[in-house]
Amino acid sequence: MERLKALSLTVFLVFILHGCGYHFSGEGPGPKPGLKRIAIPVFENRTGEPELGSLFAAALRQQFFMRGNLQVVPEDQAEVIFRGRITDIYTSSVAHIDVQQTIQTRLYVTLDIRCQDAQTGKAIWQDPQFTYYKTYLMVPDPIASFDNRREAFEFLAKEMAIRIHDRFLSNF
């Protein structure tokens with residue numbers, strides 16, 4: 001009877017300590033232990049919005065500079081390479097003053113992001129449809145609205161980079 005209690009307690013503790021099974025989305029085994037050098041080239045931009053490829057790649061580089069033990073290096077020195085493609089941006093009206101005037105717009109960005117082994121080209125982590133959004137203010141002044149939209153892109157680049165960094169390293 002004593003052995004049965006001990007076995008039951010052991011099995012129970014294994015299940016409890018193993019966790020709830022939650023994991024970040026994204027596919028692939030994640031980084032290998034001992035990984036030290038990564039490259040993050042400018043993302044491919046398939047939208048009509050200029051400079052997004054460099055904005056989003058720079059935000060991801062910044063996350064690895066600030067928050068990790070991984071060194072960001074040129075592609076020819078890297079063990080793995082993050083490749084990003086901005087596949088879509090679109091907007092939707094969120095709030096209106098009247099039928100013809102929008103005062104808030106939601107800006108969506110979709111990335112195809114993957115991390116590949118530099119030698120084999122095999123994807124070790126990927127999310128082909130990573131979408132995030134930010135709502136920004138539309139005002140009568142077109143320059144101010146443009147600035148608000150640009151700030152929304154900067155916010156999205158930073159927030160998406162944080163999530164990519166965390167999701168990639170969740171298996172570390």
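All of the numbers you see were taken from the coordinates with simple rules; none came from a lab. Predicted, not measured: the structure shown is a model, and the values here were computed from it. Cβ atoms come from the backbone with ideal geometry, glycine included; neighbour counts cover every protein chain shown.
Available extension along the chain between GLN129 and HIS96 is 9.0 nm, counting 0.36 nm per residue and deducting the alpha carbon span. Cβ-to-Cβ counts within 10 Å put PHE168, PHE146, PHE64 in ascending order as PHE146, PHE64, PHE168, the fewest first. Based on C-alpha pairs under 8 angstrom that are at least 6 apart in sequence, the stretch 87-148 has a relative contact order of 29 percent.
Reported to the nearest whole Å, the Cα centre-to-centre distance from the stretch 108-155 to the stretch 66-80 is 21. If you sort the three axes of the alpha carbon gyration tensor as a ≥ b ≥ c, you get a/c of 1.5 or more for the stretch 22-169 and a/b above b/c, which makes it prolate. Relative protection proxy for 45-53, 89-97, 150-158, 107-115, from highest mean packing down: 107-115, 150-158, 45-53, 89-97 (other beta-carbon atoms within 10 angstrom).
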